[in-house]
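What follows is a set of notes on a single structure, which appears directly below.
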Amino acid sequence: MVTPLRIGIAGLGNVGAGVVKILTANAELVAKRAGRPIVVTAVSARDRSRDRGVSLDGIAWVDDAAELPTRDDVDVVVELIGGSDGPALTLARRTLGAGKPLVTANKAMLAHHGLELAEAAEKAGLPLKYEAAVAGGIPVIKGLAEGAAANRIARVYGLMNGTCNYILSRMEAEGLGFGDVLADAQALGFAEADPSFDIDGIDTAHKLSILAALAFGARIDFAGVACHGIRNVAAADIAQAAALGFRIKLVGLAEAENGELFQRVHPALVPIDHPIATTMGSLNAVVVEGDFVGRLFFQGRGAGEGPTASAVVADLVDIARGDVRPPFVMPVADLAALPRAPAADRRGRYYLRLSVADRAGVLAELTAALRDSGVSIESLVQRGTSSDGDAMVVMVTHEAREADVLDSLARMAASPAVSGQPVMMHILDF
Ligand SMILES: NC(=O)c1ccc[n+]([C@@H]2O[C@H](COP(=O)([O-])OP(=O)(O)OC[C@H]3O[C@@H](n4cnc5c(N)ncnc54)[C@H](OP(=O)(O)O)[C@@H]3O)[C@@H](O)[C@H]2O)c1
């Protein structure tokens, strides 16, 4: 007689209801793969009367989610409330404290408290699993933790926010400005009413800090992620990037080099034939570079009920099979506290766009500013003249030190011939 694995779910929104749906629709298949049935025995959310599109018959309703861990009919708690602190964190701590495994999709909580929770799980010999927290349905946590376990990872990067990728894709396809597409995305339900976590890059930074810890055996350093979102990406930049053979994407990038950790979220120009440039709409993509396996490319749905719940159920199958391992692959005590690599010394090519007065000698001024900062130019084009008499100048630098490019930009911005704030974006050359 096989004993079912009994699940208590806190949070019955998109993901929570999705988990109930999958465990109902694919119950037999999941039971075969898990070696035993996985059944939902208790749920908790705020509003008991809300129709969630799933049957909750035979499932206990618990008003206070914090009571789930101590219930006799719950073996595993699935936290799908969200938020870095508050009820989600209380529940996570209580679950591990009560000696029960925890599954969560909560990247914000893990980015801020992941090490504390992982330590508690390790001490108690419990699984803490979070496949759904990074890139939704894409098995990138398993990919890194298991598939790439043999490799030293030098770099992990990708598009981890579907809202941003959707907005940038539509800006490109329809030639629209950021504000117009954002408003439409909100009306269509592709962007939150308060979209700042997504468009300011914070959500990507949460996910990146988790991936970096896994990839490099480093302690999570969310505060060390330099974060620049897509609010200031202009339609003009998207068009100019396209003319140069690039697509602008919000890239989360983490590298470990010489014992230092570099983490940044920023809009970057990606060569049009790069696999992440071909990742359009709300899709996510993650690239992992290992020393023996080479480049691994993961792509798929990074959000949404089905994909995210699919990742949660995959974690439950592992737990049903008795899989217990350190949440960040190696024990927290072995994770290195890597110092942050300074951005100033990074080398790369850069895209620059400026509005300048359309008069003789201006281009010479700009090139002099670059020369004085030790930056050489790969290409420079002047495009058209706007109604206010300004011309748009677009440049791509040769490989240069980031601090030198910033220095040249400051010199150019100080010129009376330059109007507005010059734009600088990184070019992804790997
Ligand atoms: N949506 C996605 O595509 C996606 C993708 C990856 C990861 N995630 C993560 O998954 C988690 C859940 O996301 P979601 O999109 O499903 O959120 P959601 O639709 O907003 O659902 C949140 C649920 O939590 C419940 N809740 C709020 N406060 C609670 C409390 N104190 N006690 C018990 N329940 C409470 C809400 O109850 P009511 O329904 O009664 O208001 C709601 O059912 C978040 O951590 C999110 O970051 C989501």
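Just for strands (runs of 3 or more DSSP E) wholly inside the stretch 238-307: which have at least 1 residues that are within 16 Å of the ligand (Cβ to nearest atom)?
Ranges flagged: 246-257, 283-290, 294-301.
Just checking, does the stretch 305-314 include any residue being among the small types (G, A, S), farther than 30 Å from V394 by Cβ, at pLDDT 95 or above and open to solvent by less than 20 Å² (accessible area, probe 1.4 Å)?
Yes, the stretch 305-314 contains at least one residue that is among the small types (G, A, S), farther than 30 Å from V394 by Cβ, at pLDDT 95 or above and open to solvent by less than 20 Å² (accessible area, probe 1.4 Å).
Which count do you get for residues in the stretch 67-84 that are away from the ligand (no atom under 12 Å from the Cβ) and polar (S, T, N, Q)?
Residues flagged as away from the ligand (no atom under 12 Å from the Cβ) and polar (S, T, N, Q) within the stretch 67-84 amount to 1.
Search the stretch 290-303 for residues that are over 13 Å from R152 (Cβ atoms) and open to solvent by less than 40 Å² (accessible area, probe 1.4 Å) and pair each with any residue that is hydrophobic (A, V, I, L, M, F, W, C) and away from the ligand (no atom under 15 Å from the Cβ) when their beta-carbon atoms are under 7 Å apart and the residues are at least 6 apart or on different chains.
Pairs found: F298/A285.
If only one of F262, F222 is open to solvent by less than 40 Å² (accessible area, probe 1.4 Å) and not polar (S, T, N, Q), which one is it?
None of the others qualify; the one that does is F262.
Considering only residues that are of a type outside the set (V, I, T) and within 32 Å of the chain's Cα centre (by Cα), which ones fall in the stretch 64-81?
Result: D64, A65, A66, E67, L68, P69, D75, E79, L80.
Identify the residue in the stretch 35-63 that is in a loop (DSSP other than H, G, I, E, B) and among the polar types (S, T, N, Q) and, among all such residues, is surrounded by the most Cβ atoms within 10 Å (Cβ to Cβ).
Across the stretch 35-63, the extreme among qualifying residues is S55.
Name the single residue, out of those in the stretch 26-44 being of a type in the set (S, T, N, Q) and in contact with a strand residue (DSSP E or B) (Cβ under 7 Å, 6 or more places away or on another chain), that is nearest to the ligand (Cβ to nearest atom).
Out of the qualifying residues, it is S44.
Go through the stretch 380-389 and count every residue that is within 14 Å of A236 (Cα to Cα) and in a strand (DSSP E or B).
Adding up the residues that qualify gives 5.
Under 19 Å from A135 (Cβ atoms) and either part of a helix (DSSP H, G or I) or in contact (Cβ under 8 Å) with a residue 60 or more places away in the chain (or both): does that describe A149?
The answer is yes for A149.
Would you check which residues across the stretch 67-98 are within 18 Å of E119 (Cβ to Cβ), outside any loop (DSSP other than H, G, I, E, B) and not hydrophobic (A, V, I, L, M, F, W, C) and list them?
Matches in the stretch 67-98: P69, E79, T90, R93, R94, T95, G97.
Let's see how each residue does on (1) in a loop (DSSP other than H, G, I, E, B); (2) acidic (D, E):
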residue: R325; (1), (2): yes, no
residue: R353; (1), (2): no, no
residue: T367; (1), (2): no, no
residue: R371; (1), (2): no, no
residue: E378; (1), (2): no, yes
residue: V394; (1), (2): no, no
residue: L406; (1), (2): no, no
residue: R411; (1), (2): no, no
residue: P422; (1), (2): no, no
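Please go through the stretch 382-399 and give me each residue that is touching a Leu at 6+ places or on another chain (Cβ under 9 Å) and touching a residue at least 40 places away in the same chain (Cβ under 8 Å), ordered by number.
Of everything in the stretch 382-399, those that are touching a Leu at 6+ places or on another chain (Cβ under 9 Å) and touching a residue at least 40 places away in the same chain (Cβ under 8 Å) turn out to be M392, V393, V394, M395, V396, T397.
What tally of residues in the stretch 85-139 results from selecting those that are within 12 Å of the ligand (Cβ to nearest atom), of a type in the set (A, V, I, L, M) and crowded, with 24+ Cβ neighbours inside 10 Å?
Residues meeting the conditions: 12.
Kindly indicate which of D57, D47, D64 is within 12 Å of the ligand (Cβ to nearest atom) and without any contact (Cβ under 8 Å) to a residue 12 or more places away in the chain.
Just one listed residue meets the conditions, D47.
Looking only at the stretch 373-391, which residues are small (G, A, S) and either out of contact with any His (no Cβ under 6 Å at 6 or more places or on another chain) or open to solvent by 80 Å² or more (accessible area, probe 1.4 Å) (or both)?
Answer for the stretch 373-391, where residues must be small (G, A, S) and either out of contact with any His (no Cβ under 6 Å at 6 or more places or on another chain) or open to solvent by 80 Å² or more (accessible area, probe 1.4 Å) (or both): S373, G374, S379, G384, S386, S387, G389, A391.
The values are calculated or read from the model by the stated rules, or taken from the named source; none is laboratory data. Because the structure is predicted, anything quoted here is derived from the model rather than measured. Every residue, glycine as well, gets a Cβ built from its backbone with ideal geometry; the counts of neighbours run over all protein chains shown. Just so you know, the surface numbers come from the protein's heavy atoms only, side chains and all, with ligands and any DNA or RNA stripped out. Shrake-Rupley method; radii C 1.70, N 1.55, O 1.52, S 1.80 Å.
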